Amino acid sequence: MEKVNHPIHYAGTGCPCECIEVVHYITKDVEPITAFSVGNIIKYLWRLGKKEPDENMGQTMDEKILEDLKKANWYLNDAIEMMTLKIESEKLR
C-alpha cells in the first residue's frame, strides 16, 4: 500500500473497497456541507484500530481509538447542527 494514495488505515482490510469509495457512495446525494461531515465520520470510524498511535506523545492504541471516536462524534454533532439550522431556516420561509 502506498502511504499517500492508499494508506493502510483507509484500505479495506478484508473488504474489497477503500474508505474513500464508501464515502463517495454514501454522500453522492447529500449537500456538500453535510457530505463533508459525513465523510469525516466514516473516515474516523473506518480507521478504528488501524491507524498507528502517536508514539511521540506516548499514545496507546486504546487512546488512539478513543481519539478517533471523539473526532467522529464531533463531526456527527456538526452534521446534526447544520441540518437542524437548514430545516429551521426553511421553515421561516
Of those in the stretch 1-35 that are at pLDDT below 90 and either under 13 Å from Ala79 (Cβ atoms) or of a type in the set (Gly, Ala, Ser) (or both), the residue farthest from the chain's Cα centre (by Cα) is Gly14
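To keep it simple, each residue is scored yes or no on (1) open to solvent by 80 Å² or more (accessible area, probe 1.4 Å); (2) closer than 23 Å to Lys86 by Cβ; (3) in a loop (DSSP other than H, G, I, E, B); (4) small (Gly, Ala, Ser).
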{"position": "Tyr25", "(1), (2), (3), (4)": "yes, yes, no, no"}
{"position": "Gly49", "(1), (2), (3), (4)": "no, no, yes, yes"}
{"position": "Pro53", "(1), (2), (3), (4)": "no, no, yes, no"}
{"position": "Gln59", "(1), (2), (3), (4)": "no, no, yes, no"}
Do the conditions hold for Ile87, that is, is it open to solvent by 40 Å² or more (accessible area, probe 1.4 Å) and hydrophobic (A, V, I, L, M, F, W, C)?
yes
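Among the residues of the stretch 27-47, write down those that are more than 25 Å from Thr84 (Cβ to Cβ) and either touching a residue at least 60 places away in the same chain (Cβ under 8 Å) or open to solvent by 30 Å² or more (accessible area, probe 1.4 Å) (or both). It would help to see each step written out before you state the result.
Here is the first cut: in the stretch 27-47, the residues more than 25 Å from Thr84 (Cβ to Cβ) are 46-47.
Result: Trp46, single match.
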Report, ordered by the first and then the second residue, all pairs with beta carbons closer than 8 Å, sequence separation of six or more or different chains, a first member in the stretch 65-88 that is aromatic (Phe, Trp, Tyr), and a second member that is in a helix (DSSP H, G or I).
Tyr75/Ser37; Tyr75/Val38; Tyr75/Asn40; Tyr75/Ile41; Tyr75/Tyr44
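The values are calculated or read from the model by the stated rules, or taken from the named source; none is laboratory data. These numbers were taken from a predicted model, which means no experiment stands behind them. Don't worry about glycine lacking a Cβ; one is built from the backbone with ideal geometry, like all the others, and counts go over all protein chains shown. SASA here: full protein model, heavy atoms, side chains in, ligands and nucleic acids out. Shrake-Rupley method; radii C 1.70, N 1.55, O 1.52, S 1.80 Å.
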